[in-house]
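These notes concern the structure reproduced below.
We did not get these values from a lab; they are worked out from the coordinates using the rules stated. Computed from a predicted model, the values in this text were never measured in an experiment. Here Cβ is always computed from backbone atoms with ideal geometry, including for glycine, and neighbour counts include all displayed protein chains.
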Amino acid sequence: MENKISSLRDAKFVIFDQLRVEELCESERFQEHSRETFEMVINEAERLAINELAPVNSEGDHAGCIWKDGKVKVPEFFHGPYKKIGEG
C-alpha cells in the first residue's frame, strides 16, 4: 500500500528503469551488489521516513530552526531521527 510520504513505485522506476543501476552490478567495483541490495536500501529508507522523520516534521514546522553566527541549529527532536539515518 502506498503512503503519503513516498512512492516506492516511482522511486523504483527512476532507479531501475531510468538510471538502470543494475548495470553497475556488472562492473567489478559493484559486483557484490544486486537488485536485492538496492531494494533493501529503498525499503529501509521508506521505513525511516515513515517511522522516524514524518512524526517530527510537523513539529519542526512549528518550532523552526535558528540561524546564529553563520550556523543553523535544528530543534533537539530532530537529532534522534537523523542519528538513525546516519546509522543506516
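Things worth noting here:
- Cα Rg, Dmax, the range 31-88, angstrom units: 15.1, 46
- Applying the Karplus relation 6.51 cos²θ - 1.76 cosθ + 1.60 with θ = phi - 60° to the range 18-25 yields 3J(HN,Hα) values of 7, 7, 6, 5, 4, 5, 4, 5 Hz, where x marks Gly and Pro.
- Cross-link partners of Lys12 among aspartates and glutamates, defined as those whose alpha carbon lies under 15 angstrom from its own and excluding same-chain residues fewer than eight positions apart: Glu2, Glu22, Glu23, Glu36, Glu39, Glu44, Glu46.
- Note, ³J(HN,Hα) from phi for the range 42-53, Karplus 6.51, -1.76, 1.60, rounded to Hz, x at Gly and Pro: 4, 5, 5, 4, 5, 4, 4, 4, 6, 8, 10, 7
- Residue-wise HN-Hα couplings along the range 58-65, as the Karplus relation 6.51 cos²θ - 1.76 cosθ + 1.60 with θ = phi - 60° gives them from phi, are 5, 4, x, 4, 7, 6, x, 10 Hz; Gly and Pro carry x.
- Anchor Lys73: aspartates and glutamates whose Cα lies under 16 Å away (excluding residues fewer than 8 positions away in-chain): Glu59, Asp61
- Charge dipole (the chain, unit charges on Cβ, about Cα centre) - positive-most of Leu8, Gln18, Val74: Val74
- Among the trypsin sites (Lys or Arg not before Pro) within the range 21-66, not one is in coil by DSSP while having at most 12 neighbouring Cβ atoms inside 10 Å.
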